[in-house]
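Student: Before we start, here is the structure in question, set down as C-alpha cells.
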Amino acid sequence: MERLCKAATRTAQVLVVSRHEDYSIEASQFGAGWDIRHVHQLRELERIVRASTPMAGVIDLEADYSDAEYMLLEQSLQHPQVAWVAITNSRMLDDERVRRLIRDYCIDYVRTPFSFDNLLYTLKHAHGMACLHGGQVGEAVGHGKMIGDCAPMRAMFRSLAKVAHNEAPVFISGESGTGKELAAQAIHEASSRRKGPFVAINCGAIPSHLVQSELFGYEKGAFTGANQRKIGWIEQAQGGTLFLDEIGDLPLESQVALLRFLQQGTITRLGGHQSIPLDLRIISATHVDLVAAQAEGRFRSDLFHRLCVLTLAIPPLRERGEDILLLANAVLAQHGQEARRRIRGFSPCATQAMMQYEWPGNVRELINRVRRAIVMTDNRKITADDLQLHGSAENPRRTLDAIREEAEREAIRTVMASHGFHVVPAARELNVSRVTLYRLMHKHNIRVESLPVTGE
Ligand SMILES: Nc1ncnc2c1ncn2[C@@H]1O[C@H](COP(=O)(O)OP(=O)(O)O)[C@@H](O)[C@H]1O
Ligand SMILES: [Mg+2]
C-alpha cells in the first residue's frame, strides 16, 4: 500500500507567488521540513504549477494586478496540485476579483497584519489537502480498488493480506455499504485462487424455496419443471472463491445443507446421486449481528463456527476521518464529467458537513450523494446543500465560519462602543475603511442604538 503523500515523509514544498522581488516571506522563517520556492514572473506560474508535485502555495493578493495578470493568476490557481493560501488585506477584499480568486481557488486566506504561526498553521492544512488530491490522482491509495489511508483501514488491509494467503473460510463483518463485497473480491484477487472464478451470491435475495436448487443445482427431472441439469452457484465457484453475502438471511433448512457441504467438502445436486468433490474458498458476510441471531435461534452455531474461522471487520465510514474526503474526491474524479460544467472540488461547508455526518449508509451512501450533487449542482464547488447535508440538524457543533462571524460581530460591537459609536475612529482601530465598517455593520445587523452603552 502506498503512503498517501510521499512528499509528507520528506520536506513539504511551498510555492510563494508575488510580483515583488522583495516579498517578505523568507525561507528561514519556516524552519526545517519546509522547502520554499519563490515565483515572481506570473507568466511562468502556470507552467510551474502544472509540473509540480502536490504542495501548498502562498499567493500575494495585496499587490494591485492588472486584469491580464488576474487572468494569468486564475489560470494558474486552477490546477489542483497546489492548495493555495492567499495573503491579502481588508482593502483588497473589497475588490470582487480578489474575493473571487480566494473564494474559487484558495483553501483559506490571511489578512495583514497576521502572525506567522497563523500562516504556518494554514499552510500545513493546505499542504495536507494538496496531498489528498495528489494521492488520489497519482498512485492508488489503499488496497486494489479499496480506497483508504486511515489507521483503521490500514489495519484492515493488513488483516486482509494475511487472510488472503490462508485457505480457511473468512467471515467479513461491517455495516451495510462499508465495502464487504469489495473486500471479498480483494481477498480473492490476493489469494492463490485468483485465476479461478469469484462467485458472489446474495443469500437474502433468493426466495427461500429456491435457495437449495440455486446453491446446489439439480439434475434433469429432479422436480417438475427441471427440464435440464442446472449447475448451482457453489459448483460454479469450483477452483475459485464463493462469496456468500447476507449469510444471516439464509433460511434454517438451507443452513443445514450448507453445513453438510462445509463438513464434507462435497455437494450433491438435487435429484442426483453422485457426490461431487469441490475445491473452493468460502467467504461470507452479513450486516446482521450473528451472535444475537444464534441466541435467538435464527442462525446455527455449528455453521457460524465453520464460517468464522478467520474474521475481517470493516470499520464504518464515520470512523475513517479524512478517508471520507479521499473517497468523495475519488467519486468526483470518476464521475465529474457527468456535470454540466467543470466542478472544482468541494466547498469548505461541504467538506465540513461530510466530516461531521454519521454516514449510516457508509461508502454506498457517500457515492450516491456525491454523484447526485455532481448532476444537480449549479456551483463551481459542491456545497453541503448539493450533498443534501444540512449542518444544524445532523450536527449541533459550531462551524469555523460561524465562529469567525461571531468573533467579527463581537469585535465590531466592542470597538464601536469604546469609541462612543463614532464610525471613523472605530474603523481606524479595526484597520478597515469607513465604507467597509458600514458594510460589516449592515451584514451583522448592528445598529448604533442596539450597541451596549459603555460608561460615557
Ligand atoms: N474503500 C472503498 N473504496 C472505494 N469504493 C468503495 C470502498 N468501500 C466500498 N466501496 C464502494 O461502495 C459501494 C458499496 O460497497 P459494497 O462492497 O457493496 O458494500 P457492502 O457489501 O458492505 O454493503 C460499492 O460501489 C463499492 O465499490
Ligand atoms: Mg453487500
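The values are calculated or read from the model by the stated rules, or taken from the named source; none is laboratory data. Please read all numbers here as calculations on a predicted model, not as lab measurements. Cβ atoms come from the backbone with ideal geometry, glycine included; neighbour counts cover every protein chain shown.
Student: Just to be sure, is residue 348 within 17 Å of residue 175 (Cα to Cα) and over 11 Å from the mean Cα position of the chain (by Cα)?
Tutor: no
Student: Is it the case, given these coordinates, that residue 230 is out of contact with any strand residue (DSSP E or B) (no Cβ under 7 Å at 6 or more places or on another chain), at pLDDT 90 or above, closer than 24 Å to residue 279 by Cα and surrounded by fewer than 21 Cβ atoms within 10 Å (Cβ to Cβ)?
Tutor: In short, no.
Student: While we're looking at this one, here's another question. Within segment 280-287, identify whether any single residue is within 16 Å of ligand 2 (Cβ to nearest atom), touching a Pro at 6+ places or on another chain (Cβ under 9 Å) and polar (S, T, N, Q), and answer yes or no.
Tutor: Yes, segment 280-287 contains a residue that is within 16 Å of ligand 2 (Cβ to nearest atom), touching a Pro at 6+ places or on another chain (Cβ under 9 Å) and polar (S, T, N, Q).
Student: Here's something else I'd like to know. For residue 378, are the conditions met, namely being acidic (Asp, Glu), surrounded by 15 or more Cβ atoms within 10 Å (Cβ to Cβ) and either outside any helix (DSSP H, G or I) or without any contact (Cβ under 8 Å) to a residue 40 or more places away in the chain (or both)?
Tutor: Here the answer is no, as residue 378 does not meet what is asked.
Student: Answer yes or no: is there a residue in segment 283-306 that is touching a strand residue (DSSP E or B) at 6+ places or on another chain (Cβ under 8 Å), part of a helix (DSSP H, G or I), in the same structural domain as residue 253 (by TED's automatic domain parsing) and crowded, with 23+ Cβ neighbours inside 10 Å.
Tutor: Checked segment 283-306: no residue is touching a strand residue (DSSP E or B) at 6+ places or on another chain (Cβ under 8 Å), part of a helix (DSSP H, G or I), in the same structural domain as residue 253 (by TED's automatic domain parsing) and crowded, with 23+ Cβ neighbours inside 10 Å.
Student: Out of segment 149-179, which residues are near ligand 1 (Cβ under 9 Å from one of its atoms) and among the polar types (S, T, N, Q)?
Tutor: 176, 178
Student: Another question, then. Confirm whether residue 280 is within 37 Å of the chain's Cα centre (by Cα), more than 16 Å from ligand 1 (Cβ to nearest atom) and under 19 Å from residue 146 (Cβ atoms).
Tutor: It is false that residue 280 is within 37 Å of the chain's Cα centre (by Cα), more than 16 Å from ligand 1 (Cβ to nearest atom) and under 19 Å from residue 146 (Cβ atoms).
Student: Would you confirm, using the coordinates I've provided, whether residue 338 is out of contact with any Phe, Trp or Tyr (no Cβ under 8 Å at 6 or more places or on another chain), among the charged types (D, E, K, R) and under 21 Å from residue 172 (Cα atoms)?
Tutor: No, not satisfied.
Student: When both residues are 6+ apart or on different chains and their Cβ atoms are under 7 Å apart, which pairs have a first residue that lies in segment 180-193 and is more than 13 Å from ligand 1 (Cβ to nearest atom), and a second that is part of a helix (DSSP H, G or I)?
Tutor: 190/161; 190/164; 191/164
Student: Picking from 322, 338, which residue would you name as being modelled with pLDDT under 90 and under 16 Å from the mean Cα position of the chain (by Cα)?
Tutor: Testing whether each residue is modelled with pLDDT under 90 and under 16 Å from the mean Cα position of the chain (by Cα) leaves just 322.
Student: Please go through (1) in a strand (DSSP E or B); (2) modelled with pLDDT under 90 for residue 312 and return the number of the only condition it doesn't satisfy.
Tutor: (2)
Student: When residues of segment 163-179 are filtered for being of a type in the set (A, V, I, L, M, F, W, C) and without any contact (Cβ under 8 Å) to a residue 40 or more places away in the chain, how many remain?
Tutor: Matching residues across segment 163-179 total 1.
Student: In addition: Would you confirm, using the coordinates I've provided, whether residue 258 is crowded, with 17+ Cβ neighbours inside 10 Å and either within 16 Å of ligand 2 (Cβ to nearest atom) or part of a helix (DSSP H, G or I) (or both)?
Tutor: In short, yes.
Student: Sticking with this structure for a sec: How about segment 21-40: which of its residues are of a type outside the set (A, V, I, L, M) and either within 29 Å of the chain's Cα centre (by Cα) or surrounded by fewer than 11 Cβ atoms within 10 Å (Cβ to Cβ) (or both)?
Tutor: Listed by number, the residues that qualify are 21, 22, 28, 31, 33, 34, 35.
Student: Would you mind telling me which numbered condition in (1) at pLDDT 90 or above; (2) within 19 Å of residue 284 (Cα to Cα); (3) surrounded by fewer than 23 Cβ atoms within 10 Å (Cβ to Cβ) residue 152 fails?
Tutor: Going through (1) at pLDDT 90 or above; (2) within 19 Å of residue 284 (Cα to Cα); (3) surrounded by fewer than 23 Cβ atoms within 10 Å (Cβ to Cβ) one by one, residue 152 breaks only (2).
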